[in-house]
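A.B. asks: Before we start, here is the structure in question, set down as structure tokens.
The values are calculated or read from the model by the stated rules, or taken from the named source; none is laboratory data. The structure displayed is predicted, hence computed values, not measured ones. Please note: Cβ atoms are built from the backbone with ideal geometry, for glycine as well, and neighbour counts cover all protein chains shown.
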Ligand SMILES: Nc1ncnc2c1ncn2[C@@H]1O[C@H](COP(=O)(O)OP(=O)(O)OP(=O)(O)O)[C@@H](O)[C@H]1O
Ligand SMILES: [Mg+2]
């Protein structure tokens, strides 16, 4: 049996074990205590039936099926399908991320190619980079005055740094001999940037883009919890307020899967531009 | 006077020394290369051979002095001086054809894609890589990669071919084949070549003139050795030639001892770096190599 087949079997085993343990832990049947019915009513089913308020895997699975079969319903601001909420989140991430690409890659080229700009901009990058993107939120809300754009801005600001730094690094470390080839061929600066530096630095740039999309997806959930209204982050917060742990777990699962898909997309793209030496 | 294609005039290269001040790799270096000549430079590691070649290529600027190509002082790299890099320097994301076509397209900006491709294919065939046009450099052996580098340089049909130890990373057999091919191509096209090598036999087989460089720092050109062997050479017969051991011993003697002690050798004697001795080692008698002439 191949290694991946064996690994797959182990993965399934772990999943089954986990689901089994989860099921057992949540379907507990500790003896129901005798108590004042009034008090029991207040306590809810946890105390009265010896059942956990934590939903079991079957319950979560059932709701997940409901969400999957009807992802785009819209019953007003507080009850939208999971698909709609995800679309909002992905849309914000996409816009903020693309804006970051448009800024970070040209700027990274500049920094990578010019010692002067590299040194001049370094202090700003060093200070701005470690700022938690959410710390920008109040400032963004105050200046932009729109929660949606503010969330996009936060995505932009958190995705820009890894791309900027990786692009600058990739451009600055292009093998000198390749640049010398371009020089001896009298290739102009613009053509050199596109035919030598960009392909040479592309794997490093893509690495930065992959880190950025991961961070952006982490940040969007928190940002939407803050600004509210729409999005998967808001959905999680809203369901917590509704005390629907089942929906919260569903959302967590979906967030993980979308994050994985985004990461894999960038990994594929990275593979396309990678060259063996 | 013979026609000089390249004239290196009084170049110096200095680097800041670790403890302040400057160390000179070389000072006041003069060298002329005639059209159609195959010139090899030999010298110990670190004496500044690559530095000379990079200055010739325009990739490096001398601290002082000029290089004149066809009566014009060079100001940087140009398409008329093609470089074959020691590390082949192929663009790994391009195919064999892509690498050669990149050079052809850079030179002939007005050519159509088809014409560029046709020209590139001609030179790929010339170096014996027909059939490998669509392979990436990573799929090629070291010798094949160097062939692509040679095809790329030749496809530019440059005035001057500059090679920095082009075969040093190859096994002996591949090196021999590539030497044969480079020799055949350069001879048939009258290509002017400047090549750095560590290999005395390679120099004897390929060169018309061999430039001997002393050890650094402050290296100098000790002399220029004219190859006494006939232009028509066969690598398997060459050692039977009467003058073969004369030139070989002369070169080895230089590398083993004279490169180190050369400064003492000329101490107190008049020395003109502009006109270093041109010697032609021939079989005894006389046993010692004698100066053929002082270049005036
Ligand atoms: N950037 C630099 N800074 C300081 N010294 C340098 C620099 N580049 C080269 N040198 C010095 O210049 C000298 C000549 O170097 P060069 O590469 O031309 O030698 P070389 O003759 O080609 O040697 P090899 O046969 O090993 O290739 C060396 O002693 C080296 O230390
Ligand atoms: Mg060298």
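A.B. asks: Has the range B:166-187 got at least one residue that is within 14 Å of chain A (Cβ to nearest Cβ), at pLDDT below 95 and buried (at least 17 other Cβ atoms within 10 Å of the Cβ)?
C.D. replies: Yes, the range B:166-187 contains a residue that is within 14 Å of chain A (Cβ to nearest Cβ), at pLDDT below 95 and buried (at least 17 other Cβ atoms within 10 Å of the Cβ).
A.B. asks: A follow-up question, please. Could you list, in sequence order, the residues of the range A:241-253 that are out of contact with any helix residue (DSSP H, G or I) (no Cβ under 6 Å at 6 or more places or on another chain) and either over 18 Å from residue A:213 (Cα atoms) or touching a residue at least 24 places away in the same chain (Cβ under 8 Å) (or both)?
C.D. replies: Within the range A:241-253, A:241, A:242, A:243, A:244, A:245, A:253 meet the criteria.
A.B. asks: Name the residue, out of B:213, B:160, that is closer than 23 Å to residue B:42 by Cα and within 16 Å of ligand 2 (Cβ to nearest atom).
C.D. replies: B:213
A.B. asks: With modelled with pLDDT of 90 or more, within 14 Å of another protein chain (Cβ to nearest Cβ) and touching a helix residue (DSSP H, G or I) at 6+ places or on another chain (Cβ under 8 Å) as the only criterion, which of A:221, A:273, A:258 stands out?
C.D. replies: Only one candidate qualifies: A:273.
A.B. asks: Would you confirm, using the coordinates I've provided, whether residue A:135 is under 24 Å from residue A:277 (Cα atoms) and more than 14 Å from chain B (Cβ to nearest Cβ)?
C.D. replies: no
A.B. asks: Of all residues being within 16 Å of ligand 2 (Cβ to nearest atom) and more than 13 Å from the chain's Cα centre (by Cα) in the range B:50-67, which is surrounded by the fewest Cβ atoms within 10 Å (Cβ to Cβ)? Just the residue, please.
C.D. replies: Only one residue tops the list, namely B:60.
A.B. asks: Give the range B:8-49 a look and list any residue that's within 16 Å of ligand 2 (Cβ to nearest atom), within 21 Å of residue B:208 (Cα to Cα) and surrounded by fewer than 18 Cβ atoms within 10 Å (Cβ to Cβ), or say none.
C.D. replies: Hit for the range B:8-49 is B:44, nothing else.
A.B. asks: Name the residue, out of B:127, B:83, that is closer than 17 Å to residue B:163 by Cα, surrounded by 20 or more Cβ atoms within 10 Å (Cβ to Cβ) and within 14 Å of chain A (Cβ to nearest Cβ).
C.D. replies: B:83
A.B. asks: Of the conditions (1) in contact (Cβ under 8 Å) with a residue 12 or more places away in the chain; (2) more than 16 Å from ligand 2 (Cβ to nearest atom); (3) within 25 Å of the chain's Cα centre (by Cα); (4) surrounded by fewer than 22 Cβ atoms within 10 Å (Cβ to Cβ), residue B:117 fails just one. Which one is it?
C.D. replies: (3)
A.B. asks: Can you report the number of residues in the range B:68-80 which are buried (at least 19 other Cβ atoms within 10 Å of the Cβ) and facing chain A (nearest Cβ under 7 Å)?
C.D. replies: Residues flagged as buried (at least 19 other Cβ atoms within 10 Å of the Cβ) and facing chain A (nearest Cβ under 7 Å) within the range B:68-80 amount to 2.
A.B. asks: Does residue B:155 satisfy the condition of being crowded, with 22+ Cβ neighbours inside 10 Å and within 14 Å of another protein chain (Cβ to nearest Cβ)?
C.D. replies: Taking the combined requirement at face value, the residue satisfies it.
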